[in-house]
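The values are calculated or read from the model by the stated rules, or taken from the named source; none is laboratory data. The structure presented is a predicted model; accordingly, all values stated were derived computationally and were not measured. Using ideal geometry, Cβ is built from the backbone for each residue, glycine included, and neighbour counts are taken over all protein chains shown.
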Amino acid sequence: MRERRIETIRKGIEKGPVKGMAHSFALVHDNLNDRLALGGIIMTMFDPRTALSREVVQEVRRHFPETLETVIPRNVRLAEAPSHGATIMEYAPASSAARAYAQVAAEVLWRLAK
């Protein structure tokens, strides 16, 4: 079944925002690790105000059902944290980005427990 999934990734994405990601995954799978399996995709820098952000998430989810439900929003605090030598959890733990990353962690743990 995994082989069929890799082939779907290769053939199903001819253009669009996920082409490079799918190509990279297939290259690594074919040349470095044929046991590689996609555990999930985290969508970051999401801005619900833009059609492009919504379209990219929709396109990625269409091709990759492994995409996590939680998205990480574009956030000024998140962009500032590295320049302060801190994680988002240290720099702005109450920010929407910190809450989203905590939700991603919970979602990943839930998937691993299944």
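For M45, the conditions (1) at positive phi; (2) at pLDDT below 85 all hold with the exception of (2).
Scanning the range 44-64 for residues being assigned to a loop (DSSP other than H, G, I, E, B) and touching a Ser or Thr at 6+ places or on another chain (Cβ under 7 Å) gives a total of 1. The set of residues in the range 66-93 that are without any contact (Cβ under 8 Å) to a residue 24 or more places away in the chain, within 23 Å of V56 (Cβ to Cβ) and in a loop (DSSP other than H, G, I, E, B) contains only N75.
Before we move on, is D30 in a loop (DSSP other than H, G, I, E, B) and assigned by TED's automatic domain parsing to the domain that holds K19? So D30 does not fit the description; no. Which residue is surrounded by the most Cβ atoms within 10 Å (Cβ to Cβ), if the candidates are limited to the range 94-114 and must be of a type outside the set (A, V, I, L, M) and part of a helix (DSSP H, G or I)? That would be Y101.
This table checks each residue for (1) closer than 20 Å to A105 by Cα; (2) in the same structural domain as S24 (by TED's automatic domain parsing); (3) crowded, with 17+ Cβ neighbours inside 10 Å.
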site	(1), (2), (3)
A51	no, no, no
E55	no, no, no
E59	no, no, no
L68	yes, no, yes
V76	no, no, no
A79	yes, no, no
G85	no, no, no
M89	yes, no, no
A92	yes, no, yes
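Quick one: G85 ticks every box in (1) touching a helix residue (DSSP H, G or I) at 6+ places or on another chain (Cβ under 6 Å); (2) on the phi > 0 side of the Ramachandran plot bar one, so which box is it? The number of the failed condition is (1).
The set of residues in the range 1-35 being over 28 Å from P73 (Cα atoms), at pLDDT 80 or above and surrounded by 14 or more Cβ atoms within 10 Å (Cβ to Cβ) consists of H29 alone.
Number of residues in the range 65-92 that are of a type outside the set (A, V, I, L, M), in contact with a Ser or Thr (Cβ under 9 Å, 6 or more places away or on another chain) and farther than 18 Å from S53 by Cα equals 1.
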